Amino acid sequence: MIRFLLTALCVINSFDSADQAFIPLTKKFLDKLKNETLYNKFATPTQYDDVPTNVTLSMFIEGMSSFSAQTMDYHLDVYFQEEWYDHRLAHNASAPILVRDLEVFKMMWHPDVYFANARSAAFQDITDDNFLVWVYPNGRVWYDARISIVSSCNMDLWKYPLDSQECALRILSYAYPMTVLRLLWSEKEDVPAIDRNPDITMPDMSLKHIRTGYCNGTYATGEWSCMTAIFYVEREMMHHVMQTYVPTALIVVISWFNFWLEIDSAPARVSLSITTLLTISTQANAVKLALPEVSYMKAIDVWMGSCMAFVFGVMIEFTICHYAKNLEMLRGDGQPSLINEEEGVRGDGEQHIALNMLNPEEPRLRSLNQNNDVTANGTRYFVGAERMKRKRSKASLSRLRQQVASMRHATVDVSRRAFNWTRALRNLRGRRVAQRIDERCRIVFPMIFFLFNIAYWSFYLVFN
């Protein structure tokens with residue numbers, strides 16, 4: 001209560017020192033209020049003068065908090081002051097009369113001011129009703145009350161969480177149109193119309209400045225005097241930088257470790273890519289829970305979507321590398337090899353193409369043997385076999401056959417080694433292609449992410 005009275009004294013510090021003294025409520029003043037012939041509380045002070053009653057407004061912001069982007073509202077704790085002249089309440093006392101009784105105040109005419117865009121409002125009544133009324137000898141009435149307000153604010157979140165908001169508190173008269181009651185902001189020297197507590201702090205917002213304004217009070221029932229108190233606030237982005245931007249950027253950097261893993265380490269690379277992608281997705285869902293569903297894209301959506309695209313790009317890069325390696329492996333399979341994989345080394349009667357030249361069954365050799373000599377057991381001989389029988393002994397012929405068999409096995413072994421060497425060469429060439437892609441992505445991905453950061457922060461912080 002002492003703090004409330006001190007605040008009220010600070011607000012009216014432009015008054016004379018004699019004005020700051022007061023006298024208690026007198027019986028004479030109460031009798032005047034009860035006499036309906038002398039005072040009609042249902043009539044405005046200028047009811048019969050054909051001029052509107054001017055009501056001057058002022059505010060002292062004691063506290064501000066709970067700026068919620070999801071519910072789009074904020075909380076105010078204000079000392080709300082109204083001032084008007086009612087010559088019917090003029091008295092002969094040397095100081096203003098202090099009214100602290102709510103029932104007595106209800107016997108007086110007072111403006112029916114309300115907050116048009118307030119979702120809820122309440123007078124403070126701990127430990128007693130937080131209000132006071134001073135009635136000056138010349139009929140000037142000064143009213144002060146402490147009010148808690150939850151006001152709506154239509155926030156534009158396209159720059160969230162790098163945004164700043166302007167929230168207006170609209171003040172109107174409920175029953176009296178502009179022709180009967182006119183609201184004005186206070187214009188006293190050295191006392192701003194809206195003052196604030198310099199110690200106001202909020203966890204997610206900072207109050208930059210407050211200004212007064214006027215609003216359109218035209219309704220279907222007429223034109224009403226409308227005033228606005230506009231609060232300009234900026235969102236504290238350090239919390240979001242540490243909780244959202246830095247972790248997601250680190251996750252993107254971690255996904256680049258794929259470029260330094262071996263191309264054959266498919267389980268490790270796939271696991272790392274999927275883990276980082278799911279982590280980014282979880283972070284994005286956590287951010288969405290704190291925001292309303294709007295039809296436009298927010299700054300945090302652009303960031304999360306871009307980070308997810310970078311991580312997904314790492315998965316695409318691995319797929320391309322793996323495909324390039326396998327494509328190089330399969331590129332030469334359609335060409336004839338040194339040995340026929342299906343028929344080259346299966347067994348008796350299936351011989352290497354080069355060895356068939358030594359076989360008397362070879363068509364080209366058989367065509368030269370016009371007599372087509374065949375022994376009793378069906379064994380074919382080389383061309384001129386009869387002449388060889390006459391010139392060579394059986395031992396020489398047996399030794400020749402052993403040499404041919406040895407040459408056949410040696411040729412098959414050499415061909416198999418050549419085939420395996422060819423496949424190894426293609427494998428090495430495919431790995432080299434994949435490694436070259438990885439080496440280039442080690443530079444391209446960080447560079448693109450760096451350029452994206454420059455464009456992102458410049459667009460949302462500098463150009464807008």
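The values are calculated or read from the model by the stated rules, or taken from the named source; none is laboratory data. This one's a predicted model, so the numbers in the text were calculated from it and none came from an experiment. Note: ideal-geometry Cβ built from the backbone for every residue, glycine included; neighbour counts use all protein chains shown. The accessibility values were calculated without ligands, DNA or RNA, using every heavy atom of the protein model including side chains. Shrake-Rupley method; radii C 1.70, N 1.55, O 1.52, S 1.80 Å.
When the residues of the stretch 180-191 are filtered to those that are open to solvent by 50 Å² or more (accessible area, probe 1.4 Å) and part of a loop (DSSP other than H, G, I, E, B), which remaining residue is nearest to ALA229 (Cα to Cα)?
Of everything passing the filter in the stretch 180-191, GLU187 is nearest to ALA229 (Cα to Cα).
Can you find even one residue in the stretch 49-63 that is within 51 Å of the chain's Cα centre (by Cα), at pLDDT 50 or above, aromatic (Phe, Trp, Tyr) and in the same structural domain as TYR114 (by the TED database)?
Scanning the stretch 49-63 turns up at least one residue that is within 51 Å of the chain's Cα centre (by Cα), at pLDDT 50 or above, aromatic (Phe, Trp, Tyr) and in the same structural domain as TYR114 (by the TED database).
Does LEU327 meet the test of being assigned to a helix (DSSP H, G or I) and either modelled with pLDDT under 85 or under 32 Å from the mean Cα position of the chain (by Cα) (or both)? Show your work before the answer.
Working: assigned to a helix (DSSP H, G or I): yes; either modelled with pLDDT under 85 or under 32 Å from the mean Cα position of the chain (by Cα) (or both): yes.
Considered against the rule, which asks whether it is assigned to a helix (DSSP H, G or I) and either modelled with pLDDT under 85 or under 32 Å from the mean Cα position of the chain (by Cα) (or both), LEU327 comes out as yes.
With the requirement that a residue be more than 20 Å from PHE452 (Cα to Cα) and without any contact (Cβ under 8 Å) to a residue 60 or more places away in the chain, what does the stretch 244-263 give you?
Those that are more than 20 Å from PHE452 (Cα to Cα) and without any contact (Cβ under 8 Å) to a residue 60 or more places away in the chain: LEU261, GLU262.
Looking only at strands (runs of 3 or more DSSP E) that lie completely in the stretch 194-256, which have at least 3 residues being among the hydroxyl-bearing types (Ser, Thr, Tyr) and outside the structural domain of PHE449 (by the TED database)? Outline the logic, then answer.
Details: elements: 194-196, 205-214, 226-235.
Answer list for the stretch 194-256: 205-214.
Tally time: how many residues in the stretch 91-118 are open to solvent by 40 Å² or more (accessible area, probe 1.4 Å) and more than 17 Å from PHE80 (Cα to Cα)?
6
So the check is Cβ under 7 Å with 6+ separation or different chains; which pairs have a first residue in the stretch 192-221 that's open to solvent by 100 Å² or more (accessible area, probe 1.4 Å) and a second one that's not charged (D, E, K, R)?
TYR214/CYS226; TYR214/MET227; TYR214/THR228; ASN216/CYS226
Restricting to the stretch 151-176, name every residue that is open to solvent by 40 Å² or more (accessible area, probe 1.4 Å) and either without any contact (Cβ under 8 Å) to a residue 12 or more places away in the chain or touching a strand residue (DSSP E or B) at 6+ places or on another chain (Cβ under 6 Å) (or both). Working first, answer last.
Narrowing the stretch 151-176 to residues open to solvent by 40 Å² or more (accessible area, probe 1.4 Å): 154, 156, 158, 164, 166, 170, 174-176.
Of everything in the stretch 151-176, those that are open to solvent by 40 Å² or more (accessible area, probe 1.4 Å) and either without any contact (Cβ under 8 Å) to a residue 12 or more places away in the chain or touching a strand residue (DSSP E or B) at 6+ places or on another chain (Cβ under 6 Å) (or both) turn out to be ASP156, SER164, GLU166, ARG170, TYR174.
Take the stretch 127-153 and flag every residue that is at pLDDT below 90 and of a type outside the set (Asp, Glu). Give the derivation first.
Start the filter on the stretch 127-153 by keeping residues that are at pLDDT below 90, which leaves 127-129.
Matches in the stretch 127-153: THR127 only.
Which one of the conditions (1) open to solvent by 100 Å² or more (accessible area, probe 1.4 Å); (2) within 30 Å of the chain's Cα centre (by Cα) does TYR245 fail to meet, given that it meets all the rest?
(1)
For the stretch 42-75, how many residues are open to solvent by 60 Å² or more (accessible area, probe 1.4 Å) and part of a loop (DSSP other than H, G, I, E, B)?
8
Among the residues of the stretch 104-135, what is the count of those that are in contact with a helix residue (DSSP H, G or I) (Cβ under 7 Å, 6 or more places away or on another chain) and free of Cβ contacts under 8 Å to residues at least 24 places away in the same chain?
0
Scan the stretch 104-116 and give yes if some residue there is more than 15 Å from LEU33 (Cα to Cα) and small (Gly, Ala, Ser), otherwise no.
The initial filter retains those residues of the stretch 104-116 that are more than 15 Å from LEU33 (Cα to Cα), namely 111-116.
The next check asks that each one be small (Gly, Ala, Ser); those that pass are 116.
Looking through the stretch 104-116, at least one residue is more than 15 Å from LEU33 (Cα to Cα) and small (Gly, Ala, Ser).
Select from the stretch 222-234 the residues that are open to solvent by 20 Å² or more (accessible area, probe 1.4 Å), more than 15 Å from ALA193 (Cβ to Cβ) and touching a Lys or Arg at 6+ places or on another chain (Cβ under 9 Å) and list them in ascending order. Outline the logic, then answer.
Filtering the stretch 222-234 for residues open to solvent by 20 Å² or more (accessible area, probe 1.4 Å) gives 222-224, 230, 232, 234.
Next, from what is left, pick out any that are more than 15 Å from ALA193 (Cβ to Cβ): 222-224, 232, 234.
Once the filter is applied, which keeps residues that are open to solvent by 20 Å² or more (accessible area, probe 1.4 Å), more than 15 Å from ALA193 (Cβ to Cβ) and touching a Lys or Arg at 6+ places or on another chain (Cβ under 9 Å), the stretch 222-234 yields TYR232, GLU234.
With the requirement that a residue be surrounded by fewer than 18 Cβ atoms within 10 Å (Cβ to Cβ) and more than 30 Å from CYS167 (Cα to Cα), what does the stretch 119-139 give you?
If the condition is that a residue be surrounded by fewer than 18 Cβ atoms within 10 Å (Cβ to Cβ) and more than 30 Å from CYS167 (Cα to Cα), then THR127, ASP128, PRO137, ASN138, GLY139 are the ones that fit.
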